[in-house]
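The structure appears right after this line, and notes come after that.
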Amino acid sequence: MDKEKMLLWDYLWSYMKTLLCLQEIHELDFRANLEEMQHKTLGFCLALDESLDEYQLKGDLLVFKKMMVVYFHKSNYEMLQSQEVEKMVKYIIAQLDFVERVPEREFRYASFMWPELDHYVSCK
């Protein structure tokens, strides 16, 4: 699994560099911007992983919702009970639920189709 993680981070590194090039970031600012993007991405991935662990262990969505508020709503905790946060949480959990059911070989080679999950997002 470590090999897959390294491939994922290599892909993200390349993607971030491409984004910065498309934004025409000055070469003197390039490295600092790239490192900032990497730190934010890594922080988000770790927070997402921890909050999903909390959800799977305790069935409690509060930590997950707080993480979403921190990363997507600039820590505006008034958004904690908002429909936007509810929909993001339901959508991510639905995606995770789907991915966990995909056979490993199909997942590894991306030989599956993502389902339509609109009904999860539209639910209250």
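The values are calculated or read from the model by the stated rules, or taken from the named source; none is laboratory data. This is a predicted model, so every value here is computed, not measured. Don't worry about glycine lacking a Cβ; one is built from the backbone with ideal geometry, like all the others, and counts go over all protein chains shown.
Take the residues in the range 9-30 that are of a type in the set (Asp, Glu), over 24 Å from residue 110 (Cα atoms) and assigned to a helix (DSSP H, G or I), then tell me which one is modelled with the lowest pLDDT.
So the residue we want is 27.
Let's see how each residue does on (1) under 25 Å from residue 19 (Cα atoms); (2) free of Cβ contacts under 8 Å to residues at least 24 places away in the same chain:
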{"position": "61", "(1), (2)": "no, no"}
{"position": "74", "(1), (2)": "yes, yes"}
{"position": "88", "(1), (2)": "yes, yes"}
{"position": "95", "(1), (2)": "no, yes"}
{"position": "101", "(1), (2)": "no, yes"}
{"position": "107", "(1), (2)": "no, yes"}
{"position": "111", "(1), (2)": "no, yes"}
{"position": "115", "(1), (2)": "no, yes"}
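Give the number of residues within the range 1-50 that are surrounded by 14 or more Cβ atoms within 10 Å (Cβ to Cβ) and either aliphatic (A, V, I, L, M) or touching a Lys or Arg at 6+ places or on another chain (Cβ under 6 Å) (or both).
Residues that pass the stated criteria total 8.
Please tell me if residue 6 is part of a helix (DSSP H, G or I) and touching a Ser or Thr at 6+ places or on another chain (Cβ under 6 Å).
no
Filter the range 65-89 for residues that are of a type in the set (Ser, Thr, Tyr) and part of a helix (DSSP H, G or I) and give the result.
71, 77
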